[in-house]
Amino acid sequence: AASPRMPCIAAAPPKDEGLPGASAFASPWQLCGTWVWILVAATSVSLPLQQGWVMYVSLTSCLISLLLLLSYIFGFHRNSNNWKVLDSLYHGATAILYMSAAVLQANATIESEFDNKSPLYYYQLNCAASFFAFITTFLYILHAFSIYYQ
């Protein structure tokens, strides 16, 4: 006698919650922000007020992003929608701060171009810092809107 076959029922894979912290493991805005900080620190910082703001924004943003990442890893979010709001608001506010820092860094780059006392590589470092500051701003904006429209 042949035994009837039971249909194979596979368990459905878990649904992706789409939480914002899941993308924090590969966060390019933290890497680019770290480059801004390193590149500005490598120059002579000829305009301390402007470039000091750039350093403050990049270092503070990196540290707060790291704290948010750690709080996500340790499960403080508890699959809450409030986490999405917090993440979106944080990245939106940081994008605004980074835009101001990027503009000030671009101004410092322009002023360092005409400074005959500093070597050429300071100008090149300032150019790279300006580039990464604008890229970081774009990445923060992109992440804030991607979380908001999720």
Could you check the simple spin-label distance between residue 86 and residue 69, using points 7 Å along Cα→Cβ, in nm with one decimal?
1.7
Shape of segment 55-105 from its Cα gyration tensor (a ≥ b ≥ c, root eigenvalues): rounded if a/c is under 1.5, otherwise prolate when a/b > b/c, or oblate?
oblate
Given points 7 Å out from each Cα along the Cα-Cβ axis, report the residue 96 to residue 146 separation in nanometres with one decimal.
2.3
Determine the shape class of segment 17-146: with a ≥ b ≥ c the square roots of the Cα gyration tensor eigenvalues, call it rounded for a/c under 1.5, and otherwise prolate if a/b is greater than b/c, oblate otherwise.
prolate
On the protein heavy atoms, probe 1.4 angstrom, tell me the percent of accessible surface of segment 55-145 carried by carbon and sulfur.
73
Enter the Cα centre distance for the pair segment 100-150 and segment 51-76, rounded to the nearest angstrom.
18
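The values are calculated or read from the model by the stated rules, or taken from the named source; none is laboratory data. Keep in mind the model is a prediction, meaning the values are calculated, not measured. Quick reminder, even Gly has a Cβ in these numbers, built from the backbone with ideal geometry, and neighbours come from all protein chains shown. To get the accessible areas, we keep the full protein, side chains included, count just its heavy atoms, and leave off ligands, DNA and RNA. Shrake-Rupley method; radii C 1.70, N 1.55, O 1.52, S 1.80 Å.
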